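> Got a structure for you, written out below as structure tokens; questions coming shortly.
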Amino acid sequence: MIVLKSPAEIDKMRAAGRIVAETLALLESRIEPGVTTAELDRLAEQECRRQGGQPAFKGYGGFPYAICASPNDRIVHGFPDDKPLQPGDILSIDFGVLYKGFYGDSAITVAIGELDEETQRLVEVTRESLVRAIEKSVPGGRLSDVSYAVQSWVEPKGFSVVREFVGHGIGRSLHEAPQIPNYGPAGQGPRLKPGMTLALEPMINAGVPGVKILEDGWTAVTQDGRKSAHFEHTVAITENGPEILTRL
Ligand code: MG
Ligand code: MG
């Protein structure tokens, strides 16, 4: 069942979303060659708690960290570590916050120094695919219009859509109905309504769409070792269209 939120509940989600956005902006401002994802993890937890939030992923299903840190061929759910970031790397950071009973969830992919041309394009196409998904998050549309918006933008550019992980409803739980694949035909699934709150999150691979899970049981990497990018926003559907709750 898709839980609709009242305007007062969306206000609370806006507050949670702002902590997510401010924390990710802080992390992004600190990223440069030599920084480690373990440092970013500590900073994220500190900033989130300073603002009265709880890091939503820490302890979720046993996940041990505040952020998911997924460089290069890591798709999602990577563990922060002590390896310094290198020029030419990309780093996807996924971060969620619980604040006053509601969740916010967002992800960014950040360039470390100069990227090669293909990687630059991968990041831009993935970022834009999220914009297109958000544009389809309007009352009266259908859920799979959002999915189709991502796939139909990404595949003609020569990139591929990860199938194993999907976007999701969000609210009093981090993951609620509905599941939101980033692929599929338009015009299917539930009608979109004001009060729906969705975490939209395209995960896009430079090469094949396939995924492998590392021995830690969490980290998803590309089957072919090529790079992957990920952007996510928590979005509320309102009478006036989509409102991004995790943007400053
Ligand atoms: Mg996320
Ligand atoms: Mg999510």
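> Answer yes or no: is there a residue in the stretch 191-214 that is of a type outside the set (Gly, Ala, Ser), under 14 Å from Asp94 (Cα atoms) and open to solvent by 60 Å² or more (accessible area, probe 1.4 Å).
No, the stretch 191-214 contains no residue that is of a type outside the set (Gly, Ala, Ser), under 14 Å from Asp94 (Cα atoms) and open to solvent by 60 Å² or more (accessible area, probe 1.4 Å).
> Of these, Ser160, Ser137, which one is buried (at least 17 other Cβ atoms within 10 Å of the Cβ), under 17 Å from the mean Cα position of the chain (by Cα) and within 15 Å of ligand 2 (Cβ to nearest atom)?
Ser137
> Let me ask another. Restricting the search to the stretch 111-122, which residues are surrounded by fewer than 21 Cβ atoms within 10 Å (Cβ to Cβ) and touching a residue at least 12 places away in the same chain (Cβ under 8 Å)?
Correct list: Ala111, Ile112, Gly113, Glu114, Leu115, Asp116, Glu118, Thr119, Arg121.
> For Leu43, only one of the following conditions fails: (1) under 30 Å from Pro178 (Cβ atoms); (2) without any contact (Cβ under 8 Å) to a residue 24 or more places away in the chain. What is its number?
(1)
> Between a residue in the stretch 157-169 that is farther than 28 Å from Leu4 by Cα and any residue that is open to solvent by 40 Å² or more (accessible area, probe 1.4 Å) and within 16 Å of ligand 2 (Cβ to nearest atom), which pairs come within a Cβ distance under 8 Å, given they are 6 or more apart or on different chains?
Partner pairs satisfying both residue conditions: none exist.
> Could I ask something else about it? Would you confirm, using the coordinates I've provided, whether Ser173 is open to solvent by 10 Å² or more (accessible area, probe 1.4 Å), touching a Gly at 6+ places or on another chain (Cβ under 6 Å) and over 20 Å from Asn205 (Cβ atoms)?
For Ser173, the condition - open to solvent by 10 Å² or more (accessible area, probe 1.4 Å), touching a Gly at 6+ places or on another chain (Cβ under 6 Å) and over 20 Å from Asn205 (Cβ atoms) - is not met.
> Something else now. Select from the stretch 83-99 the residues that are among the aromatic types (Phe, Trp, Tyr) and either under 12 Å from Ala69 (Cα atoms) or free of Cβ contacts under 8 Å to residues at least 12 places away in the same chain (or both) and list them in ascending order.
Passing the criteria: only Phe95.
> Only residues in the stretch 1-27 that are under 22 Å from Phe57 (Cβ atoms) count as the first member; pair them with residues that are open to solvent by 60 Å² or more (accessible area, probe 1.4 Å) and aliphatic (A, V, I, L, M), Cβ under 8 angstrom, at least 6 apart or cross-chain, and list the lot.
From the stretch 1-27, the pairs are Arg18/Leu248; Ala21/Leu248; Glu22/Leu248; Ala25/Leu248.
> Looking for something buried (at least 19 other Cβ atoms within 10 Å of the Cβ) and at positive phi - is there at least one such residue anywhere in the stretch 73-83?
Scanning the stretch 73-83 turns up at least one residue that is buried (at least 19 other Cβ atoms within 10 Å of the Cβ) and at positive phi.
> Taking the criterion of being away from ligand 1 (no atom under 16 Å from the Cβ), open to solvent by 10 Å² or more (accessible area, probe 1.4 Å) and small (Gly, Ala, Ser), would at least one residue in the stretch 84-93 satisfy it?
yes
> In addition: Between a first residue in the stretch 52-79 that is of a type in the set (A, V, I, L, M) and at pLDDT below 95 and a second residue that is away from ligand 2 (no atom under 14 Å from the Cβ) and part of a helix (DSSP H, G or I), which pairs have beta carbons less than 8 Å apart while being 6 or more apart in sequence or on different chains?
Within 8 Å, no pair qualifies.
> Output the qualifying pairs, or none if there are none: Cβ atoms under 6 angstrom, residues six or more apart or on different chains, first residue in the stretch 199-217 and assigned to a strand (DSSP E or B), second residue away from ligand 1 (no atom under 16 Å from the Cβ).
Correct list of pairs: Ile204/Val154; Ile204/Phe159; Asn205/Ser160; Asn205/Thr222; Lys212/Val221; Lys212/Gln223.
> Name the residue that is nearest to Gly171 (Cα to Cα), counting only residues in the stretch 5-56 that are outside any helix (DSSP H, G or I) and open to solvent by 80 Å² or more (accessible area, probe 1.4 Å).
Gln54
The values are calculated or read from the model by the stated rules, or taken from the named source; none is laboratory data. The structure displayed is predicted, hence computed values, not measured ones. Cβ coordinates were reconstructed from backbone atoms using ideal geometry, including for glycine residues, and neighbour counts include every protein chain displayed. Calculation scope for accessible area: heavy atoms of the full protein, side chains included, ligands and nucleic acids excluded. Shrake-Rupley method; radii C 1.70, N 1.55, O 1.52, S 1.80 Å.
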